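S.K.: Take a look at the following structure, please.
The values are calculated or read from the model by the stated rules, or taken from the named source; none is laboratory data. Keep in mind the model is a prediction, meaning the values are calculated, not measured. Counting neighbours? That spans all protein chains shown, and the Cβs are built from the backbone with ideal geometry, glycine included. The area values use the complete protein model at the heavy-atom level, side chains included, leaving out ligands, DNA and RNA. Shrake-Rupley method; radii C 1.70, N 1.55, O 1.52, S 1.80 Å.
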Amino acid sequence: SSSSDLLSSQISACRYVGWITNPYPVFLPSRGPKVTYVPPPLPEDEDTIFAHYASGINFNKYDDILVDVSGLNPPQAIYTFKEACLCESLERNVAKSGYVKPTPVQKHGIPIIAAGRDIMACAQTGSGKTAAFLLPILQKLMADGVAASSFSEQQEPEAIIVAPTRELINQIFLEARKFAHGTCVRPVVLYGGISTGHQIRDLLRGCNVLCGTPGRLMDMIGRGKVGLTKLRYLVMDEADRMLDMGFEPEMRRLVGSPGMPSKEERQTLMFSATYPEDIQRMAGDFLKKDYLFLAVGVVGGACSDVEQKLVQVTKFSKRDQLLDILKNTGTERTMVFVETKRQADFIAAFLCQENVATTSIHGDREQREREQALGDFRSGKCPVLVATSVAARGLDIKDVQHVVNFDLPNNIDDYVHRIGRTGRCGNTGQAVSFYDPEQDNQLARSLVKILCSAQQEVPSWLEQSALGAHGTSGFNPVGRVFASTDSRKSHPYIAPSLQSHSSYTLNVFLFVHPGT
Ligand SMILES: Nc1ncnc2c1ncn2[C@@H]1O[C@H](COP(=O)(O)OP(=O)(O)OP(=O)(O)O)[C@@H](O)[C@H]1O
């Protein structure tokens with residue numbers, strides 16, 4: 001029965017932290033030396049492949065968001081999927097996915113990519129970036145009559161997509177599989193935590209679009225299972241994360257791998273909701289000089305469909321406050337973010353003890369457990385998911401109504417991605433963040449900026465903390481709200497031609513800072 005299933009999943013969550021067998025939790029990584037996990041076969045029925053949730057009441061408001069394209073000669077935006085001139089199968093798959101009209105990042109991104117240009121695209125969480133790169137790539141592969149790939153000891157994909165986490169790359173793969181349904185284009189996914197033998201067998205059956213996390217992808221390239229000479233499209237999703245300290249060396253190894261076409265010979269596409277300026281400058285190493293910078297709304301801004309609340313707390317009051325919140329949210333899907341894997345185990349076990357159907361996801365859980373947890377959360381069997389930042393980016397889960405930052409992250413971009421797990425595709429959502437002044441003061445200024453630019457109420461205590469924070473000279477929370485911060489604009493020596501950049505805007509959306 002479902003209640004005994006629930007009980008057993010709660011028991012296994014507790015056992016994982018040694019709660020039941022041992023009164024003092026032990027935190028041994030449960031990863032064995034050899035990974036043998038083989039995920040269940042993918043469903044083949046169309047209802048599952050094309051399952052989607054409805055866009056929300058604010059979907060049409062996307063059209064009001066300011067768009068800025070900078071760089072030379074950007075192509076005209078499209079306004080309908082018809083104008084994207086997709087082939088019949090793609091058009092049908094788009095319709096079956098429930099897409100009626102493109103979102104702004106699709107209106108601008110699709111023609112830019114179709115025109116063969118490199119792009120650095122920034123658009124708020126949940127606004128359709130995945131289709132913005134998948135559709136034009138698939139369309140170009142189809143238009144160029146890409147050969148149906150077949151068995152070979154080395155696969156040479158035409159497109160490679162990289163993303164920072166296993167669950168996200170798997171989701172992107174499923175999207176690619178959905179849009180390519182009924183065509184000869186074959187997407188394949190590679191990520192860690194799964195039997196390598198299983199993935200090699202799947203890969204060698206044929207591959208046009210390879211979706212991978214960096215480690216497993218480089219492993220397959222190193223084994224000679226993936227050749228790069230036919231590569232035409234390289235996509236970095238969550239590009240700022242792919243180029244930060246953690247992944248930058250892998251990305252440099254990837255573009256420096258034997259056979260990899262130079263940046264002049266391939267098309268490189270970067271997408272994210274956040275782009276710190278230093279990362280933007282470094283990203284230039286991977287892109288052609290004349291790449292286009294597409295900014296939908298405030299670069300690095302939070303999704304305006306998420307109602308953001310900050311609650312001042314003390315370290316020891318957090319658990320009770322979390323329980324209070326969860327009592328009100330009931331069975332509505334809620335993601336609770338914490339800072340450490342250990343904390344994720346503690347909080348998940350605590351909530352299970354309090355009879356809240358909870359599961360957890362973090363980097364020390366086995367892949368089987370991670371996928372089970374996500375599955376239980378998606379299905380609603382466990383409506384509360386306790387997660388570390390491993391689940392902060394990209395995950396698109398139906399009906400997540402609440403995000404709780406039990407611990408605030410230590411950087412503002414992570415905050416933007418985390419709260420973006422709710423309020424997707426024009427739906428509304430709520431985010432509550434526990435702010436511990438002893439821990440979180442360094443975030444005060446950035447939080448005020450983010451709240452202002454998303455037209456949210458700023459608590460006066462937070463404004464005070466921001467004003468009192470170190471180095472506040474020139475602090476202007478409402479400044480630069482519409483800056484389409486293409487870092488090249490403030491560094492003309494990088495690309496002097498951009499002095500005369502072409503920039504256009506759509507439907508300027510003005511807002512007033514609360515209180516002004
Ligand atoms: N044109 C559209 N019409 C209706 N739904 C859409 C459209 N484009 C995308 N969607 C849906 O919106 C949801 C969010 O899209 P997606 O996951 O691509 O967002 P994202 O911008 O990549 O978000 P994140 O920054 O969190 O990665 C998905 O369920 C997707 O299928």
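S.K.: Residues in segment 63-80 that are in contact (Cβ under 8 Å) with a residue 24 or more places away in the chain, within 13 Å of the ligand (Cβ to nearest atom) and more than 22 Å from the chain's Cα centre (by Cα): how many? Break it down stepwise before answering.
M.R.: Residues of segment 63-80 that are in contact (Cβ under 8 Å) with a residue 24 or more places away in the chain, as a first pass: 63-79.
With the extra rule that they be within 13 Å of the ligand (Cβ to nearest atom), the set shrinks to 63, 65, 78-79.
Narrowing the set further to residues that are more than 22 Å from the chain's Cα centre (by Cα) leaves 78-79.
Looking only at that region, the number is 2.
S.K.: Can I ask one more? Look at L90 and say whether it is in contact (Cβ under 8 Å) with a residue 60 or more places away in the chain and touching a helix residue (DSSP H, G or I) at 6+ places or on another chain (Cβ under 7 Å). First the steps, then the outcome.
M.R.: Numbers: in contact (Cβ under 8 Å) with a residue 60 or more places away in the chain: yes; touching a helix residue (DSSP H, G or I) at 6+ places or on another chain (Cβ under 7 Å): yes.
Against the criterion (in contact (Cβ under 8 Å) with a residue 60 or more places away in the chain and touching a helix residue (DSSP H, G or I) at 6+ places or on another chain (Cβ under 7 Å)), L90 qualifies.
S.K.: Next question. Against the condition within 10 Å of the ligand (Cβ to nearest atom), basic (K, R) and under 20 Å from the mean Cα position of the chain (by Cα), how does K101 come out, does it pass?
M.R.: Working: within 10 Å of the ligand (Cβ to nearest atom): yes; basic (K, R): yes; under 20 Å from the mean Cα position of the chain (by Cα): no.
Here the answer is no, as K101 does not meet what is asked.
S.K.: Restricting attention to segment 111-148, report how many residues are open to solvent by 10 Å² or more (accessible area, probe 1.4 Å), under 20 Å from N208 (Cα atoms) and touching a residue at least 24 places away in the same chain (Cβ under 8 Å).
M.R.: Qualifying residue count for the region: 10.
S.K.: Answer yes if at least one residue in segment 152-162 is within 13 Å of the ligand (Cβ to nearest atom) and either closer than 23 Å to R201 by Cα or open to solvent by less than 10 Å² (accessible area, probe 1.4 Å) (or both), and no otherwise.
M.R.: From segment 152-162, those within 13 Å of the ligand (Cβ to nearest atom) are 161; that's our starting set.
In the following step, the residues that additionally are either closer than 23 Å to R201 by Cα or open to solvent by less than 10 Å² (accessible area, probe 1.4 Å) (or both) were identified as 161.
Among the residues of segment 152-162, at least one is within 13 Å of the ligand (Cβ to nearest atom) and either closer than 23 Å to R201 by Cα or open to solvent by less than 10 Å² (accessible area, probe 1.4 Å) (or both), which makes the answer yes.
Rundown of residues vs (1) under 20 Å from Q139 (Cβ atoms); (2) of a type outside the set (A, V, I, L, M, F, W, C), yes/no style:
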| position | (1), (2) |
| --- | --- |
| L174 | yes, no |
| G182 | yes, yes |
| C211 | yes, no |
| M218 | no, no |
| R223 | no, yes |
| T229 | no, yes |
| D237 | yes, yes |
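S.K.: Given the conditions (1) at pLDDT 95 or above; (2) buried (at least 17 other Cβ atoms within 10 Å of the Cβ), and given that K289 satisfies all but one, which numbered condition is not satisfied?
M.R.: K289 satisfies every listed condition except (2).
S.K.: Then there is this: Just to be sure I understand, how many residues within segment 231-247 are of a type outside the set (A, V, I, L, M, F, W, C) and open to solvent by 50 Å² or more (accessible area, probe 1.4 Å)?
M.R.: Keep residues of segment 231-247 that are of a type outside the set (A, V, I, L, M, F, W, C), which gives 232-233, 237-238, 240-241, 244, 246.
Going one step further and asking which of them are open to solvent by 50 Å² or more (accessible area, probe 1.4 Å), we end up with 232, 241, 246.
The total comes to 3.
S.K.: Which of the residues spanning segment 76-110 are open to solvent by less than 30 Å² (accessible area, probe 1.4 Å), part of a loop (DSSP other than H, G, I, E, B) and under 22 Å from E46 (Cβ atoms)? Reasoning before the result, please.
M.R.: Of segment 76-110, the ones open to solvent by less than 30 Å² (accessible area, probe 1.4 Å) are 77-78, 81, 84, 86, 89-90, 93-94, 97, 102-110.
This time we only want the ones that are part of a loop (DSSP other than H, G, I, E, B), so: 77-78, 81, 86, 97, 102-103.
Answer for segment 76-110, where residues must be open to solvent by less than 30 Å² (accessible area, probe 1.4 Å), part of a loop (DSSP other than H, G, I, E, B) and under 22 Å from E46 (Cβ atoms): F81, L86, S97.
S.K.: Would you say I113 is touching a strand residue (DSSP E or B) at 6+ places or on another chain (Cβ under 8 Å) and β-branched (V, I, T)? Lay out the reasoning, then the answer.
M.R.: On the way: touching a strand residue (DSSP E or B) at 6+ places or on another chain (Cβ under 8 Å): yes; β-branched (V, I, T): yes.
The answer is yes for I113.
S.K.: Please state which one of R241, R216 is away from the ligand (no atom under 16 Å from the Cβ) and either assigned to a loop (DSSP other than H, G, I, E, B) or of a type in the set (D, E, K, R) (or both).
M.R.: Working: R241 fails: away from the ligand (no atom under 16 Å from the Cβ).
The conditions single out R216.
S.K.: What is the number of the single condition among (1) open to solvent by 20 Å² or more (accessible area, probe 1.4 Å); (2) touching a residue at least 24 places away in the same chain (Cβ under 8 Å); (3) out of contact with any Gly (no Cβ under 7 Å at 6 or more places or on another chain) that E265 does not meet?
M.R.: Here E265 clears every test but (2).
S.K.: Can you tell me which residue in segment 386-406 is farthest from the ligand (Cβ to nearest atom), limited to those that are in contact with a Ser or Thr (Cβ under 8 Å, 6 or more places away or on another chain) and more than 19 Å from G126 (Cα to Cα)?
M.R.: Checking each candidate, the answer is V386.
S.K.: In addition: Can you tell me which residue within segment 248-277, out of those that are among the hydrophobic types (A, V, I, L, M, F, W, C) and within 16 Å of the ligand (Cβ to nearest atom), is nearest to A131 (Cα to Cα)? Break it down into steps so the answer makes sense when it comes.
M.R.: Filtering segment 248-277 for residues among the hydrophobic types (A, V, I, L, M, F, W, C) gives 251, 254-255, 260, 269-271, 273.
Of the ones still in play, those that are also within 16 Å of the ligand (Cβ to nearest atom) are 269-271, 273.
Working: L269: 13, M270: 13, F271: 11, A273: 15 Å.
Looking at residues that are among the hydrophobic types (A, V, I, L, M, F, W, C) and within 16 Å of the ligand (Cβ to nearest atom), I get F271.
S.K.: While we're here: Working only within segment 292-325, note down all residues that are open to solvent by 10 Å² or more (accessible area, probe 1.4 Å) and part of a helix (DSSP H, G or I).
M.R.: K315, F316, S317, K318, R319, D320, Q321, L323, D324, I325 - these are the residues of segment 292-325 that are open to solvent by 10 Å² or more (accessible area, probe 1.4 Å) and part of a helix (DSSP H, G or I).
S.K.: Every residue in segment 174-229 that is in contact (Cβ under 8 Å) with a residue 24 or more places away in the chain, surrounded by fewer than 18 Cβ atoms within 10 Å (Cβ to Cβ) and among the basic types (K, R), please.
M.R.: R205 - this is the single residue of segment 174-229 that is in contact (Cβ under 8 Å) with a residue 24 or more places away in the chain, surrounded by fewer than 18 Cβ atoms within 10 Å (Cβ to Cβ) and among the basic types (K, R).
S.K.: Same structure, new question: Mind listing whichever residues of segment 296-325 are within 13 Å of F434 (Cβ to Cβ) and among the hydrophobic types (A, V, I, L, M, F, W, C)?
M.R.: L310, V311, V313, F316, L322, L323, I325
S.K.: Same structure again: All but one of (1) away from the ligand (no atom under 16 Å from the Cβ); (2) open to solvent by 20 Å² or more (accessible area, probe 1.4 Å); (3) within 18 Å of K327 (Cβ to Cβ) hold for E339, so report the exception by its number.
M.R.: E339 satisfies every listed condition except (3).
S.K.: Quick check: anything in segment 143-165 within 13 Å of the chain's Cα centre (by Cα), outside any loop (DSSP other than H, G, I, E, B), within 21 Å of I361 (Cβ to Cβ) and hydroxyl-bearing (S, T, Y)?
M.R.: Among the residues of segment 143-165, not one is within 13 Å of the chain's Cα centre (by Cα), outside any loop (DSSP other than H, G, I, E, B), within 21 Å of I361 (Cβ to Cβ) and hydroxyl-bearing (S, T, Y), which makes the answer no.
S.K.: Somewhere in segment 123-130, is a residue within 14 Å of the ligand (Cβ to nearest atom), more than 24 Å from I49 (Cα to Cα) and not in a helix (DSSP H, G or I)?
M.R.: Checked segment 123-130: at least one residue is within 14 Å of the ligand (Cβ to nearest atom), more than 24 Å from I49 (Cα to Cα) and not in a helix (DSSP H, G or I).
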